[in-house]
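Colleague: I have a structure here, written as structure tokens, and I will follow up with some questions on it.
The values are calculated or read from the model by the stated rules, or taken from the named source; none is laboratory data. What you see is a predicted model, and the numbers here were worked out from it, not measured in a lab. Cβ atoms come from the backbone with ideal geometry, glycine included; neighbour counts cover every protein chain shown.
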Amino acid sequence: MDPKQLLNAIKNLGFKRTIEFNGEVIKLACLLREEDRRPFQASWWKGKQSYLIAADDNGYFYLRHSGGYIFRSNRDTLNEDIVAKSEGEFLSMIRLDD
């Protein structure tokens with residue numbers, strides 16, 4: 001993962017923060033720098049090694065699996081939807097806010 005790409009995405013999050021996923025336009029609320037990430041822990045999250053990298057305005061978490069792919073997790077349904085094959089691909093999905 002290119003650290004410069006992540007820093008640019010964080011810097012531009014105020015106006016460049018939407019992604020499109022499954023036909024839905026999603027606004028990201030935050031992105032975490034690599035050095036701020038820790039293994040994700042929650043009472044409803046068991047037996048999976050992943051790291052929180054982002055959250056959106058609807059309360060979904062975006063996690064990086066130890067295998068490298070990025071997925072969106074819903075704590076109510078426990079669904080995991082793969083969003084991108086890599087962190088670089090996820091960051092390249094971020095577009096200007098409407």
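Colleague: Considering only the range 30-60, state which residues are part of a strand (DSSP E or B), modelled with pLDDT under 85, surrounded by 11 or more Cβ atoms within 10 Å (Cβ to Cβ) and not aromatic (Phe, Trp, Tyr). First the steps, then the outcome.
Modeller: Residues of the range 30-60 that are part of a strand (DSSP E or B), as a first pass: 30-31, 39, 42, 45, 50-56.
Cutting the leftovers down to modelled with pLDDT under 85 gives us 39, 42, 45.
Retained after the next criterion (residues that are surrounded by 11 or more Cβ atoms within 10 Å (Cβ to Cβ)): 39, 45.
Selection gives Pro39 alone.
Colleague: Within the range 61-98, work out how many residues are modelled with pLDDT under 90, among the basic types (Lys, Arg) and surrounded by 13 or more Cβ atoms within 10 Å (Cβ to Cβ).
Modeller: Going through the range 61-98 one residue at a time, the tally reaches 1.
Colleague: Only one residue in Asp36, Asp81 is closer than 19 Å to Val25 by Cα and acidic (Asp, Glu). Which one?
Modeller: Numbers: Asp36 fails: closer than 19 Å to Val25 by Cα.
From the options Asp36, Asp81, the qualifying one is Asp81.
Colleague: Additional query: Please find, within the range 19-32, the residue that is nearest to the chain's Cα centre (by Cα) out of those that are within 17 Å of Asp81 (Cα to Cα) and not charged (D, E, K, R).
Modeller: Here the residue is Leu28.
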